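The values are calculated or read from the model by the stated rules, or taken from the named source; none is laboratory data. Here the structure is a predicted model, which is why all the values come from computation and not from measurement. We place every Cβ from the backbone using ideal geometry, glycine too, and count neighbours over all the protein chains shown. Heavy atoms of the whole protein, side chains included, go into the accessibility calculation; ligands, DNA and RNA do not. Shrake-Rupley method; radii C 1.70, N 1.55, O 1.52, S 1.80 Å.
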Amino acid sequence: LEYWNKSVEAFNEKRYLDCYENFFKYYNRDEKGNIEFIKNFDRIDFKFYQGVKKITGYATNEKICAEVNVVKYNSLPIPLMRQLLDMNFNLNYSKFAINENKICMKFTSFTSDCSPWKLHYALEEMAKKADKEDDVLLEKFKEAEPVEINFENRMSDEEKEIKWKYFKKWMNDCFKTVEKLEEPRLSGAVLYNYMRTVEKYDVNKLFILRALSEVSQLL
């Protein structure tokens, strides 16, 4: 927590670049390589990864900005624009925006108003939403197309096969257990088995979609 305390102290003393430098050091994990940042004289450039998404941004003594691409599009139908508008109303720190032919999420703030706590919640909101909403938009709108994938975090073929093997095994074991339970008297036990199975998964979204396709055939 030393880096976090230094970040808060620097913000209170209005040393904003020192604040953000220590902020990113606090979140950096060398073994993961999840954050990269470069501090120059009057600016910090940064990028970090969440799932398959890459968030990039910069900070100066006056403002801080961050952006992440969600999906590409070949046209912008009214229902898609309406959904983006509705989603913006539910966001607290960031917003969906249009950048050339991409739908992205953006966060901007004056540094004097962007404490380490605010920056944490803003980046967390962007990371989680961007990593989730791309699948929603791709599924719902044929005009949407996937953007670049964070290849640095891709699994090896061997790891994919292992995870896929156990994904199917756990799902089949779960179905066999549920078949032995009587509904609705044991509906709580059924729900527990599903939740216990889901919590075992630590897989890429590609495997989730592939598995759901196979599970739908089993059902």
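At most 10 other Cβ atoms within 10 Å and a DSSP loop assignment: could you name the chymotrypsin sites (Phe, Trp or Tyr not before Pro) in the range 25-102 that fit?
Values: sites: 26, 27, 37, 41, 46, 48, 49, 58, 73, 89, 93, 96; in loops: 41, 93.
Sparse-neighbourhood loop chymotrypsin sites (Phe, Trp or Tyr not before Pro): 41.
In a solvent-free Debye calculation with one equal scatterer on each Cα, what is log10 I(q)/I(0) for the range 20-97 at q = 0.21, 0.25 Å⁻¹, listed in the order of the q values?
Cα-only, vacuum Debye calculation for the range 20-97: -1.02, -1.20.
When the C-alpha atoms of the range 56-177 are aligned to their principal axes, what extent does each axis show, in angstrom, from largest down?
The principal-axis extents, from largest down, are 56, 36, 29 Å.
So, for the range 41-188, what is the accessible surface per residue at a probe of 1.4 Å, expressed in square angstrom? Present the calculation step by step, with values, prior to reporting the outcome.
Numbers: 8900 Å² over 148 residues.
Result: 60 Å² per residue.
On a 24 Å Cα-Cα criterion, which of the cross-link pairs 53/165; 63/132; 106/128; 102/165; 72/132; 47/129 come out too long? Spell out each step's value before the answer.
Details: 53/165 26 Å; 63/132 27 Å; 106/128 13 Å; 102/165 35 Å; 72/132 15 Å; 47/129 17 Å.
Over 24 Å apart, Cα to Cα: 53/165; 63/132; 102/165.
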